[in-house]
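The values are calculated or read from the model by the stated rules, or taken from the named source; none is laboratory data. Quantities reported herein were computed from a predicted structural model and do not represent experimental measurements. Note that each Cβ is placed from the backbone with ideal geometry, even for glycine, and that neighbours are counted across all protein chains shown. Surface accessibility is based on the protein's heavy atoms, side chains included, excluding ligands, DNA and RNA. Shrake-Rupley method; radii C 1.70, N 1.55, O 1.52, S 1.80 Å.
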Amino acid sequence: MKIVTHSTGCICDAHSTGCICAAYSTGCICDAYSTGCICAAYSTGCICDAHSTRCICDAYSTGCMCAAHSTGCMCAAYSTGCMCAAYSTGCICAAYSTGCICDAYSTGCMCAAYSTGCMCAAYSTGCMCAAYSTGCICAAYSTGCICDAYSTGCMCAAYSTGCMCAAYSTGCICDAYSTGCICDAYSTGCMCAAYSTGCICDAYSTGCICAAYSTGCICDAYSTGCMCAAYSTGCMCAAYSTGCICDAHSTGCMCAAYSTGCICVTPQT
């Protein structure tokens, strides 16, 4: 146990190991059986809960919480309200991040500098809330969710894989079991529904919907209201197209640039 002078309210509980309350830290608590808790200079309200390991509350961090059995929680300088829940691993709340939550059993959650309201839910893996992103949610069991810089309201639902909400995208939703959903820069309201594969809502597209079980839907730049219906394959809504609908089970539907109200109907059998 090491307590540096000028720290305030440092508590190194029974059986804690390697508790460091650095100079000018305030309210550092190394709970029972915690290991390697570091409350750096000028940190405030750092809590290393029972059985937590390698909790680091960096200089000027505020309200860092490393819950029971969490491992490798890092609340970087000037971060606020970082929460590494029970059994989380490798949670990083970068400098100036606010309200980062790495839920129970999450792995490799990264809330980058200046991100706000990043949520890596239970059992999520590789959630990345980039700089200046807002309201990124990597739901339970999601894998490889990326909310890029300045993205807003990105939602990677349960069991989604490889969801990418690019810079300045708004309201991107990668639904349950979707794979490879890409909401490109400045896209708005992109929806990759359950079990969709390879949905791409290109730059500046609006209201792109890749319905359940659709494959390879592409809503090109500046397209509006593109709808790739259930089980459609290779639907292409080209640049500046409006209201393109690729009906259920349609294949290779192409709504060319500047087209309006293109409907590719399912062949009747």
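Annotation for H15 and H249: the two label points, set 7 Å from Cα along the Cα-Cβ direction, are 6.3 nm apart.
Separation of region 52-109 from region 158-196 is 26 Å, based on Cα centroids. Protein heavy-atom accessible surface, 1.4 Å probe, per residue over the chain: 40 Å².
Hey, of (i) -0.33, -0.90, -0.99; (ii) -0.25, -0.87, -1.00; (iii) -0.32, -0.75, -0.82, which did the structure itself give for log10 I(q)/I(0) by the Debye sum over Cα atoms at q = 0.07, 0.13, 0.14 Å⁻¹ when calculated? Answer label, from the structure shown: (iii). For the chain, a Gaussian network of Cα nodes joined below 10 Å ranks C129, C12, C201 by mean-square fluctuation, and the top entry is C12. Normalised by the number of residues in the chain, the mean separation of alpha-carbon contacts (under 8 Å, six or more apart) gives a relative contact order of 6 percent. Here the simple spin-label model places points 7 Å from the Cα toward Cβ, and for T26 and Y240 these points are separated by 5.9 nm.
Work out, step by step, the length gained on full extension between A59 and A257: first 0.36 nm times the residue separation, then minus their alpha carbon distance; give nm to one decimal.
Working it through step by step, the gained length comes to 65.9 nm.
In sequence order, what are the phi-derived ³J(HN,Hα) couplings for region 204-214 according to the Karplus relation 6.51 cos²θ - 1.76 cosθ + 1.60 with θ = phi - 60°, rounded to whole Hz, with x for glycine and proline? Each residue's phi maps through the Karplus curve to give 6, 6, 10, x, 6, 10, 9, 6, 3, 6, 6 Hz.
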